[in-house]
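Have a look at the structure below before the remarks.
Only the coordinates and a few stated rules stand behind these numbers; no lab work does. Keep in mind that this is a model prediction, so the values were computed, not measured. Here Cβ is always computed from backbone atoms with ideal geometry, including for glycine, and neighbour counts include all displayed protein chains.
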Amino acid sequence: MPDTLSDLRRILTENKTIAVVGLSADWNRPSYFAAKYMQGHGYRVVPVNPRYAATGETILGETCYATLHDIPFPIQMVDVFRRTEDVGPIAEQALAIGARCLWQQLGVTNEAAAALFREQGRDAVDNRCVKIEHARLFGGLNWVGVNTGVISAKRATAR
């Protein structure tokens, strides 16, 4: 798992198209909140949820897909809002579609899935929230008085 701030910053700077597996259309769910935040910061968020895809629903203005294989364009990062035991097959699909990063949200840590990515020279992050890390590294937490742990006289900017 990338433990350095520079690794996380690089991942969030280089990967602008994110498939969110388990994204809910309910505005009060953590997946929706995180996806909306990332979308508001210039990322393309692609919902992956078979329940919503079956009815043709969109989430945050984007078409919802049943699986990663159904997405007809390149995905750079796969952000997983599912149980730890569900991540293995998702990681295999993510590798098959050429995703460069597997991101497992807070509370999700499937080491075998992460190892699949690392063995291919790709990035894997687990037990971290993409929204929290983006806000921490690119200046979004300091306005509410949260100590980001980043000591700098200048804010890092996303490319």
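In the range 1-105, what GluC sites (Glu not before Pro) fall in a loop by DSSP, with at most 13 other Cβ atoms inside 10 Å?
E57
In the elastic network of the chain, a GNM with C-alpha springs shorter than 10 Å, the most mobile of D26, D123, D79 is D26.
Semi-axes of the equivalent ellipsoid of the range 44-93 are 18, 13, 10 Å, computed as sqrt(5λ) over the eigenvalues of the C-alpha gyration tensor in descending order. The calculated 222 nm mean residue ellipticity attributable to helices in the chain amounts to -9500 deg cm²/dmol, summing -39500 (n - 2.57) over DSSP H runs of n ≥ 4 and dividing by all residues. Computed over the alpha carbons of the chain, Rg followed by Dmax gives 15.1, 49 Å.
Contact order for the chain, expressed relative to its length and based on alpha carbon pairs under 8 Å spaced 6+ residues apart, stands at 21 percent.
The H on the amide N of K16, modeled in the peptide plane, is under 5 Å from the matching H of no residue at least 5 residues off or on a different chain. Residues whose amide H comes within less than 5 Å of that of I59, counting only those at least five positions distant or on another chain, are C64 (H built at 1.01 Å from N in the peptide plane). Each of the peptides 40-48, 97-105 was scored by the mean count of other Cβ atoms within 10 Å over its residues; in descending order, highest first, they stand as 97-105, 40-48.
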